[in-house]
Structures are given as C-alpha cells and as structure tokens.
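In what follows, a structure is listed as structure tokens, so that the remarks can point back to it.
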Amino acid sequence: MRMRKAAGWILLVIAVAAVVAVSVGFSRDHADKDQVVAYVQSADIWQARQHLLWQEADVAYSVQVAQQERILQAAEAEEAADVALVQAGDHAAMLRQGDREDQLIRSVVAACDPAVAMQLPTVGELAWPLTGPMKVTSPYGERMHPIIGEEAFHRGIDLHARYGSAILAPADGVVLYVGPKTAYGNMLVVLHGGGIATVYGHLWKFAVHPYERVQKGQILGYTGNTGFSTGPHLHFEVRQDGEPTNPLEWMPPIETTEQGH
C-alpha cells in the first residue's frame, strides 16, 4: 500500500515538473517574440528620433545663420553711419573707423589658410617698400593725429613719397587683401613667412590681386593720397600674428622726423 502511495507521489511530481517545463518554454518563446517586436519598434523609433534631431539641428543652424546675418547687418549699418560722420568731420567716428579697420586686418591675417602660410619662407629682415632715400615722416606709436588733432596710436610709419611712386614687396609672400577703406584708403595686406604681415595704406592704385603670390621686389601698387591722409605718402605697417609692431625693427635704420601726413 505504501509502495503504491509513494509511486503516486512520484508520478505527481513528475507531472507537475513537466507542466512547469512546458510553461517556462512557452514563456521564453513568447518573450523572444516580444523582444523581436520590441527591437523592430526600437529601430523605427531610433530613426524617427534621428530625423527629429536633424530637424532640430537644421532649425538651430538656421537660427544661428539668421543671428549672424543680423549682427553683420547691424555692423554694416554702424560702419555706414560712422563713414557718414567721418565725411562730416566727426573725429570720434574717425577713431572708431580706424579701430574697425584694424580689426579687419587682424581678421584677414587670422583667416589665412595655415597650409598656405607654411609654404612661405621665414622672414628675418624686410626690405624697404620704396626705392631711393627713405624718410619717415610720422613714427610708430603714440602721436598727434594730423587730422583729428589729438593723440592717437599710429600702428605703422608714414614714408615720404611722391604721388605714384612704386611700392615694392619687402619679402616673398601672398596677397591677402586688396580694396578701398575709409581710414586706410586703398589698402593692401600681404602675408609673409613666420606669421609676419605687411600693410600698405593710402595707395593710388593696385598692381596685384588677392591670393596672388608675390616675390621680393615685385611692384604691389603705387602711392597716393586716399583715406585719412593730408598728402601723398605711404602708410606702412609690419604685423606679427596680426599685432602691430614697429616697422623700424625689421629694416635698416633711416632718418626719422616728427612732421607727419
């Protein structure tokens, strides 16, 4: 009798175990199917989210571009207003415009492709940009501005020259900027090796074009009387990484006088 009861309990345990095994297998199979469905749905959701992210990026970019355009338009409007004031003889506007053009020169130098700059030979010394005897008519640094009539920083030197004198490249380089400005008049910016740039102001006309490679002694343009100028001369700057330096430190010494243009 006892043997029959024991056998019955064993069969009951075996049956329960079989039911549990079948149930677990069914649950796993169902879970796997759910996981596959969830995976497909996640991929769709991922693609939708990526699409939304790209849309958000496009919107952000459009906002940024619109903001930059507004800033540029505001800056152009401010410059146009200052140019009008300059023509009316406003000295404060003259100083602001001079600073604005200084920032332009810095930006032009900084924006040059490094691959181009690396191809230029290092500058140890610069030649004078004019031929014949040299005379500095206005020095580098603080000076009495000849037009404004008060002290202002002079970022270069003024060289005495007759109208239409040839301006020569003081070293090999590449032309970065050619164009008319209010303070500098007709202006040239040339980049040389080692981050050295030379700036030429108040020109009559140009003999080179932007991005043109030039060799030492090549004619860049001709002296004139444009911009903030009281007579024909050459405004000449030497900049290192965009920062003005004393040009006399880069060239042989010559006579310096205090009367400027």
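Bear in mind that the values in this text are calculations on the coordinates, not laboratory data. Only a predicted model underlies this, so the values are computations on that prediction, with no experimental measurement involved. Neighbour counts run over all protein chains shown; Cβ positions are idealised from the backbone, glycine included.
Some notes on this structure:
- Normalised contact order of the stretch 143-260, rounded percent, pairs of Cα under 8 Å and 6 or more residues apart: 30 percent
- Cut-off under 5 Å, modelled amide H: who pairs with GLY185 long-range: HIS202, GLY227, PHE228
- Taking amide H atoms as placed 1.01 Å from N in the peptide plane, the amide H of GLY193 lies under 5 Å from those of VAL123, each 5 or more residues away in sequence or on another chain.
- For the peptides 239-245, 69-75, the ranking by packing is 239-245, 69-75, with the highest mean count of neighbouring Cβ atoms within 10 Å listed first.
- Paramagnetic reach from ALA84 (point 7 Å along Cα→Cβ, amide N under 15 Å) across the stretch 92-129: 93
- Cβ-Cβ FRET estimate between ILE147 and VAL63, R0 fixed at 45 Å, reported to 0.05: 0.60
- Put in line by how crowded their Cβ is, counting other Cβ atoms within 10 Å and starting with the fewest, MET134, MET187 read MET134, MET187.
- Our coupling estimate for the stretch 209-224, obtained by passing each phi through the Karplus curve with A = 6.51, B = -1.76, C = 1.60 and θ = phi - 60°, is 10, x, 6, 7, 7, 10, 10, 3, x, 6, 6, 9, x, 9, 5, x Hz, Gly and Pro reported as x.
- Here the stretch 76-146 is assigned +1 on the Cβ of each Lys and Arg and -1 on the Cβ of each Asp and Glu. Its dipole about the Cα centre then comes out at about 360 debye.
- In order along the stretch 161-169, the phi-based Karplus estimate (6.51 cos²θ - 1.76 cosθ + 1.60, θ = phi - 60°) of 3J(HN,Hα) comes to 7, 6, 4, x, 5, 6, 9, 10, 5 Hz; Gly and Pro are listed as x.
- 3J(HN,Hα) from dihedral phi, the stretch 194-205, Karplus parametrisation 6.51/-1.76/1.60, rounded to Hz, x for glycine, proline: x, x, 8, 10, 10, 10, 10, x, 6, 5, 7, 7
- Near HIS233, the amide H atoms lying under 5 Å from its own belong to GLY224; only residues 5 or more places off or on other chains count, and H is placed 1.01 Å from N.
- Dipole magnitude of the stretch 142-261 about its Cα centre (Cβ charges: Lys, Arg +1; Asp, Glu -1), debye to nearest 20: 520 debye
- Approximate spin-label separation ASP113-ALA166, in nm, with each point projected 7 Å along Cα-to-Cβ: 3.0 nm
- The stretch 173-261: C-alpha gyration tensor shape, a/c 1.5 cut-off, then a/b vs b/c: oblate
- With the simple spin-label model, which puts each label point 7 Å out from Cα in the Cβ direction, the ASN246 to ALA92 separation comes to 3.3 nm.
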